[in-house]
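Notes for the one structure printed next.
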Amino acid sequence: MTVLTSALEITKLAHEMHVDEAELAFLATTSPDDLRDLRGIVSHAMFSRHESRVKGLAAVSKKLPAAVTAKITEIAMGPMLSARVAAVMDPADAAKLAGHLKPEFLAELSVHLDPSRVEAIIAKLDQALVVDVGRRLLADGHVLTLARFTGVVGPETSLQVMDGASGAEILQVALFLDDTSVLDPLLAGLSDETLTEVVAATADQGEAAEALLATLSEDSRARIASLA
């Protein structure tokens, strides 16, 4: 069970570092907790890199009309640098700018964001835009990114994003959750038919799925047992 959980953490770390998982194979025997701590260190280091320049770009963007900044962002800066700048912007300014950016660009940008750094921005965004971006991420297979944002956007919005998703897709999001406390309200919002699909998909995940089910409340486990 620990090995499988470590494998999930290595996937998250590879995503954070923008490298192939095979390059981190030497960490396979490292404990999940140590890998989680390492991911936090890496995230902080990558965010801090060129921080002064990023803050300079954020200051310049504040002086320009949002529509102009949006054009510059999409054409010249790209999603990765834009994510870094967004993390240091005033939440109100960032939310206003997001309203001028194309949803498909916001989806690309989201892959490079640390949700914990932009929670205040997301809270100011129109929910329809958040759902739109989330569904684009799902369609592109970015389940890990969706999992990271699930704890920030809340169960209600997450359920809207995953409306129509397959049981396998929902399970993948669940497996990559950092905060499993959001899992019970998510499952509570699923129809019996969808939850049955999720349960069926656990057969391919073995002990990883068992470890996830162990984090659920008694009510959630009882409901799953009745459906199974």
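The values are calculated or read from the model by the stated rules, or taken from the named source; none is laboratory data. If you're wondering where the values come from, they're calculated on a predicted model, not measured in any experiment. When the accessible area is computed, the model is the full protein with side chains, heavy atoms only, and any ligands, DNA or RNA have been set aside. Shrake-Rupley method; radii C 1.70, N 1.55, O 1.52, S 1.80 Å.
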ask   = Could you give the accessible area per residue of the chain, probe 1.4 Å, as a whole number in Å²?
value = 52 Å²
request  = Name the most mobile residue of 108, 210, 169, meaning the one with the largest mean-square fluctuation, in a Gaussian network model of the chain with Cα contacts below 10 Å.
outcome  = 210
message = I want to verify the translational diffusion coefficient of region 9-116 in µm²/s; compute it with Stokes-Einstein, Rh as the Kirkwood radius over Cα pairs, at 4 °C and 1.567 mPa s.
response = 86 µm²/s
inquiry  = What would the Debye equation give as log₁₀ I(q)/I(0) for region 1-49 at q = 0.19, 0.25, 0.28, 0.29 Å⁻¹, counting only Cα atoms as equal point scatterers?
reply    = -0.54, -0.88, -1.05, -1.10
key: Carbon and sulfur %, accessible surface of region 50-125 computed with the full protein complex present, 1.4 Å   = 60 percent
remark   = Here the convex hull volume per residue of region 127-228, taken over Cα atoms and given in Å³, is 85 Å³
query = If you average over every viewing direction, what projected area does the convex hull of the Cα atoms of the chain give, in nm²?
reply = 12.4 nm²
ask   = Per the helix-only calculation at 222 nm, which mean residue ellipticity applies to the chain, given -39500 (n - 2.57) for every DSSP H run of n ≥ 4 and division by its residues, nearest 500 deg cm²/dmol?
value = -20000 deg cm²/dmol
inquiry  = I'm checking a number: the convex hull volume of the Cα atoms of region 69-146, normalised per residue, in Å³. What is it?
reply    = 78 Å³
inquiry  = If you roll a 1.4 angstrom probe over the protein chains with everything in place, what fraction of the accessible area of region 1-49 belongs to carbon and sulfur, to the nearest %?
reply    = 62 percent
note = XL table 63/96; 102/124; 12/62; 12/96; 12/124; 12/102; Cα-Cα > 22 Å flagged, in table order, is 12/62; 12/96; 12/124; 12/102
ask   = Relative contact order (percent) for region 50-125, with alpha-carbon contacts under 8 angstrom and 6 or more residues of separation?
value = 37 percent
key: Principal axes of region 107-166: Cα extent on each, largest first, Å   = 30, 22, 17
